[in-house]
1. Any idea which residue in the range B:55-103 is surrounded by the most Cβ atoms within 10 Å (Cβ to Cβ), counting only those that are over 26 Å from B:Val266 (Cβ atoms) and away from chain A (no Cβ under 14 Å)?
2. So which residues in the range B:274-297 are under 12 Å from B:Val210 (Cα atoms) and either buried (at least 18 other Cβ atoms within 10 Å of the Cβ) or touching a Lys or Arg at 6+ places or on another chain (Cβ under 9 Å) (or both)?
3. Please tell me if A:Phe178 is more than 15 Å from A:Leu88 (Cα to Cα), modelled with pLDDT under 85 and among the aromatic types (Phe, Trp, Tyr).
4. Residue by residue through the range B:229-266, note down the ones that are under 18 Å from B:Lys129 (Cα atoms) and loosely packed, with under 14 Cβ neighbours inside 10 Å.
5. Which one is farthest from B:Leu286 (Cα to Cα), of the residues in the range B:140-170 that are touching a residue at least 24 places away in the same chain (Cβ under 8 Å), among the hydroxyl-bearing types (Ser, Thr, Tyr) and open to solvent by less than 20 Å² (accessible area, probe 1.4 Å)?
Amino acid sequence: MTKTSIKLENVDLHFPKQRNALVMFYDWFRKRSRRFTALSEINLEIYQGEIVGIIGRNGSGKSTLLRVIAGIYPPDNGTAKAAGEISLLAGLGTGFSQHQTGRENAILYGSILGHDEKVMNSKLEEIIDFSELGHFIDEPLRTYSAGMKARLGLAVASAIKPEILLIDEVLSVGDVKFKEKSKKKILGMVENAGTVVIVSHSFGLLTDICDRVILVDRGRIELIDEPQQAIKRYYELEG
Amino acid sequence: MPLLTGKYRLEAILRRSNDKGTMRPANMTELEHSEPPLQDVAKRASSLFAPFWMFKEVFNHRFLVRNLIRRDVRGRYRNAMLGYAWALIEPALFALVYWFLFIMLSGNPDEMYAVWVLIGVVVWGCFGKSLSATTNSLVGNARTMHLVYFPRVIFPITAVGANFVVTLMSSLVIIPILMVYDLPITMHLFWVPVGIFLAGIMALGFGMMVAPLNCVQRDVGHFMRFVVRAGFFVSPVMWTAEMAAQRGAWGEAALYNPVVLPITMVRHALEGKSVDLPPEVILSSLIITCVLLVTGAMVFARLERGAVKYL
């Protein structure tokens, strides 16, 4: 039987264009609003076990949609519901502290991502191994290169098996060798997660792994279909 | 990437053919009832229960709170030769300047005055720094707010928590004072952390009201800087509750500033007594603190939803 894992109903999301309090008050008084509509009338049901891709042009609302599912942007209208723990893979290393060591940052970032203490303690060695940082793990993070930070971020982020996994464009980080490894790791995560929603521009990958692909255009869902169909429609829209 | 295709593909195809081809079986509805319920993706408190919800969330996320506080405290004393010692040195230097200023302005203070100023600087520091930190807690974490979800109330809580920890370190300055001035070591010293905690709670309540507003209009942050600076003078940092009580009606009115209670509490703890203020002053201060905390939590719960969109 198919269980619903993620369900968005009539979701609208607006961003304020105007932040001047006086103008906002005037607008409120005139019952007018200046806002930018990021998503409108999003209806979406994703079932447990599905791998769903999201494609669309830059600024079409892919990432925003993913963030609504993750609970970051509360919808202005409609509801966003999900069954189970959600983990969003985006912006690896958010909240890293330059002045703490790699090891401390691994724990910090893990807690920011919502891993609990027991999980972090038991997975810490595994995370450090995977990041391939060697003795750098006990050096302050300011001595790290961008790639090293990304590797540490990925190692932490990929240490858990969430019920719902959301991936925003992070598929591989680091140098050529680590890229392969990280890609493999993320695909391993995808395989183990209950439900996966993935935003990506690599259509080849989406065609390979996705059950369905959502095409987003100007804040609306244009189409939800088989990967090939959605990609075909994407190129038609592109013109 | 053929490793993933098979399993999921098959399931999806089966499901799709099911959906299209056959009617929904009658017992489908029964099965759906046994499913784990769909929940809102971000649990947010109704304003009414916000204060309780806040404590619950902090408890649930205590690992995160602890790590964020550690990040804050570590970051503050980075690359400093004297490191954490600055938590002691900074208030001591300030106290020295205020003491000097006081002697210039009004001559001979009593011999304990320098100590009272130092205590004032430390406890006020907890309030003032916590208030500025909470006000900027959402704006300063804009990037995190856009990329990760956890209850937003964690941000002001950790801002205050970090300052509470730093102030506790500063309050170690009490130990040499006790020795130099030969003050009694009593059970009343227990009031020292209580006073500091109280100051932090006041700042938290106040700060939670303004933090989301600061996201919309940074004017709020500028104004709060003024509030902290001005609050310094109307709070008993350079003066004490005893001095104020001798200054007639205005002085007595000044005692109703809620910050009088924590600062005086710590000072009296050093003297070896529990806080010795008129009961109506203590009561009003405690009531103001509770009201600040409850309304702060409620206002925050109401406003934080929209705040992220302005960042």
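1. B:Lys56
2. Restricting attention to the range B:274-297, the residues satisfying the condition of being under 12 Å from B:Val210 (Cα atoms) are B:292, B:295-297.
Once the filter is applied, which keeps residues that are under 12 Å from B:Val210 (Cα atoms) and either buried (at least 18 other Cβ atoms within 10 Å of the Cβ) or touching a Lys or Arg at 6+ places or on another chain (Cβ under 9 Å) (or both), the range B:274-297 yields B:Leu292, B:Gly296, B:Ala297.
3. It is true that A:Phe178 is more than 15 Å from A:Leu88 (Cα to Cα), modelled with pLDDT under 85 and among the aromatic types (Phe, Trp, Tyr).
4. Residues satisfying the conditions are B:Arg229, B:Ala230, B:Phe233, B:Val234.
5. Among those that are touching a residue at least 24 places away in the same chain (Cβ under 8 Å), among the hydroxyl-bearing types (Ser, Thr, Tyr) and open to solvent by less than 20 Å² (accessible area, probe 1.4 Å), it is B:Ser170.
To keep it simple, each residue is scored yes or no on (1) aromatic (Phe, Trp, Tyr); (2) modelled with pLDDT under 80; (3) within 25 Å of B:Asn141 (Cβ to Cβ).
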position: B:Met28; (1), (2), (3): no, yes, no
position: B:Leu31; (1), (2), (3): no, yes, no
position: B:Glu35; (1), (2), (3): no, yes, no
position: B:Arg44; (1), (2), (3): no, yes, yes
position: B:Phe55; (1), (2), (3): yes, no, yes
position: B:Phe59; (1), (2), (3): yes, no, yes
position: B:Leu64; (1), (2), (3): no, no, yes
position: B:Arg71; (1), (2), (3): no, no, yes
position: B:Phe94; (1), (2), (3): yes, no, no
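For (1) acidic (Asp, Glu); (2) modelled with pLDDT under 90; (3) touching a helix residue (DSSP H, G or I) at 6+ places or on another chain (Cβ under 8 Å), each residue gets a yes or a no:
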site: A:Asp12; (1), (2), (3): yes, no, no
site: A:Gly49; (1), (2), (3): no, yes, yes
site: A:Arg67; (1), (2), (3): no, no, yes
site: A:Lys81; (1), (2), (3): no, no, no
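Okay, residues lined up against (1) surrounded by fewer than 17 Cβ atoms within 10 Å (Cβ to Cβ); (2) away from chain A (no Cβ under 14 Å); (3) over 17 Å from B:Val259 (Cβ atoms):
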| site | (1), (2), (3) |
| --- | --- |
| B:Val173 | no, yes, yes |
| B:Asp182 | yes, yes, yes |
| B:Thr186 | yes, yes, yes |
| B:Val194 | yes, yes, no |
| B:Phe197 | yes, yes, no |
| B:Ile201 | no, yes, no |
| B:Leu213 | no, no, yes |
| B:Gly221 | no, no, yes |
| B:Phe226 | yes, yes, no |
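The values are calculated or read from the model by the stated rules, or taken from the named source; none is laboratory data. Being a predicted model, the structure only gives us computed values, none of them experimental. With ideal geometry, Cβ positions are generated from the backbone for all residues, glycine too; neighbour counts draw on all protein chains shown. Calculation scope for accessible area: heavy atoms of the full protein, side chains included, ligands and nucleic acids excluded. Shrake-Rupley method; radii C 1.70, N 1.55, O 1.52, S 1.80 Å.
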